[in-house]
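Where a number appears in this text, it was derived from the coordinates with a stated rule and is not lab data. All values reported here derive from a predicted model rather than from experimental measurement. Neighbour counts run over all protein chains shown; Cβ positions are idealised from the backbone, glycine included.
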Amino acid sequence: MKNIVLIGMPGCGKSTFGKRMAKRLQLPFYDADAVLEEREQRTIKAFFAESEEAFRAAETRTLAYLAECDGAVIA
């Protein structure tokens with residue numbers, strides 16, 4: 001099964017909607033920001049304090065990791 005990926009502006013409700021959707025569809029849910037912080041052991045704020053480039057590199061690593069999921073809802 002393919003993943004369902006929710007995209008949008010910060011604060012628009014992707015995580016809230018994604019959790020509900022995942023529950024209804026009985027699929028795992030992943031919040032990309034939370035996964036990034038857990039895997040990288042740094043906050044997003046800390047990455048941006050270093051540089052946007054550092055954040056974008058971490059984001060790319062995280063999204064590549066999440067792309068390996070099968071049948072998940074990702075916000």
Failed item in (1) in contact with a helix residue (DSSP H, G or I) (Cβ under 7 Å, 6 or more places away or on another chain); (2) loosely packed, with under 12 Cβ neighbours inside 10 Å, with Glu37 passing the rest:
(2)
Given (1) touching a residue at least 12 places away in the same chain (Cβ under 8 Å); (2) surrounded by 11 or more Cβ atoms within 10 Å (Cβ to Cβ), where does Asp70 come up short, assuming only one miss?
(2)
Any residue in the range 1-26 that is of a type in the set (Lys, Arg) sitting within a Cβ distance under 7 Å of a residue that is surrounded by 10 or more Cβ atoms within 10 Å (Cβ to Cβ) and in a loop (DSSP other than H, G, I, E, B)? List the pairs, counting only those 6 or more apart or interchain.
Lys14/Leu6; Lys14/Gly8; Lys14/Ala75
